[in-house]
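Have a look at the structure below before the remarks.
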Amino acid sequence: MTIISHSHKFVYFKPRKVAGSSLLVAFGQHCRHPDIVTAPGNTEGFFRNAMNCVGIPTHTYPEKIKAIMEPVLWDAYTKVTCVRNPWDVAISMLFWKIFREHKQGAVFSDDVRSLILNQTIDPRNEEYRAQMQIIIEGLPRNNHFYFDTCGKPWADFYIRYENLQADFDHACDLIGLETSELPKLKAKARGLDVDYRGFYDETLKNMVYEKAAATIDFFDYQF
């Protein structure tokens, strides 16, 4: 989900499972022609109006956004994105996978699904580990939203998921937007009281670090 706002001179790019839909709705309400906004449709009662986004994918990497912008505009606009603890991201992806089973097909047996939802899964369970390994293998995609190939940060300001509303307020202040209360979208997939740490053993924990070390180290995330 991407925003290139010429009217307010900012760019918003969205990694996966970082409250991006909530931020898109909140930032998108300020956009107007000739801004670019991807991801049209209705999300839990919040309508997202797509603008001028033909040929621009929903999750567009900053490198590609930069390539379609005039260099002087890319340099001048405030670049904003959101970052989240990768160990937490992986578990959010796990619950999202379960939440989407009715559309994409079951990936867990009933017993394992129940254990995950009740937060009583044994991380040594083979069925569970197989799916977690697939999820963890995909974590490097988010690194590309944060750093270029030389390891230089893409964004001017990173909203931390762990400090979401306050950092969104700060981002609005930087851009010159009136802030608002963030909608809590896609929260049904995972309860707010889920502690990601109970879903790991040392091997899975280290696998996440290997795949997301750049994000973990730069933002000083701890398990």
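The values are calculated or read from the model by the stated rules, or taken from the named source; none is laboratory data. Since the structure is predicted, the reported quantities are computational estimates derived from the model, not experimental observations. In this analysis, Cβ positions are derived from the backbone assuming ideal geometry, glycine residues included, and neighbour counts consider all displayed protein chains. Surface accessibility is based on the protein's heavy atoms, side chains included, excluding ligands, DNA and RNA. Shrake-Rupley method; radii C 1.70, N 1.55, O 1.52, S 1.80 Å.
Checking C31 against (1) buried (at least 17 other Cβ atoms within 10 Å of the Cβ); (2) at pLDDT 80 or above; (3) within 30 Å of R113 (Cβ to Cβ): exactly one of these is not met. Which one?
(3)
Given the structure, is C150 open to solvent by less than 50 Å² (accessible area, probe 1.4 Å) and at pLDDT below 95?
Against the criterion (open to solvent by less than 50 Å² (accessible area, probe 1.4 Å) and at pLDDT below 95), C150 does not qualify.
What number of residues within the stretch 181-195 satisfy the criterion of being at pLDDT below 75, open to solvent by less than 100 Å² (accessible area, probe 1.4 Å) and hydrophobic (A, V, I, L, M, F, W, C)?
Total satisfying the criteria: 3.
So which residues in the stretch 196-213 are more than 19 Å from P140 (Cα to Cα), free of Cβ contacts under 8 Å to residues at least 60 places away in the same chain and open to solvent by less than 40 Å² (accessible area, probe 1.4 Å), if there are any at all? Talk me through it step by step, then tell me what you get.
Narrowing the stretch 196-213 to residues more than 19 Å from P140 (Cα to Cα): 197-199, 201-202.
Still in the list and also free of Cβ contacts under 8 Å to residues at least 60 places away in the same chain: 202.
None - no residue of the stretch 196-213 is more than 19 Å from P140 (Cα to Cα), free of Cβ contacts under 8 Å to residues at least 60 places away in the same chain and open to solvent by less than 40 Å² (accessible area, probe 1.4 Å), so the list stays empty.
Quick check: anything in the stretch 165-173 touching a residue at least 60 places away in the same chain (Cβ under 8 Å) and open to solvent by 50 Å² or more (accessible area, probe 1.4 Å)?
no
If you scan the stretch 87-113, which residues turn out to be open to solvent by 10 Å² or more (accessible area, probe 1.4 Å), among the aliphatic types (A, V, I, L, M) and under 30 Å from A214 (Cβ atoms)?
Of everything in the stretch 87-113, those that are open to solvent by 10 Å² or more (accessible area, probe 1.4 Å), among the aliphatic types (A, V, I, L, M) and under 30 Å from A214 (Cβ atoms) turn out to be M93, I98, V107.
Which condition number in (1) assigned to a loop (DSSP other than H, G, I, E, B); (2) surrounded by 13 or more Cβ atoms within 10 Å (Cβ to Cβ) is the one that R129 fails?
So the condition that R129 fails would be (1).
Any residue that is charged (D, E, K, R), open to solvent by less than 50 Å² (accessible area, probe 1.4 Å) and part of a helix (DSSP H, G or I) - is there at least one of those in the stretch 66-86? Before the answer, list the steps.
We begin by selecting, within the stretch 66-86, every residue charged (D, E, K, R); these are 66, 70, 75, 79, 84.
Okay, now just the ones that are also open to solvent by less than 50 Å² (accessible area, probe 1.4 Å), so 79, 84.
The next check asks that each one be part of a helix (DSSP H, G or I); those that pass are none.
There is no residue in the stretch 66-86 that is charged (D, E, K, R), open to solvent by less than 50 Å² (accessible area, probe 1.4 Å) and part of a helix (DSSP H, G or I).
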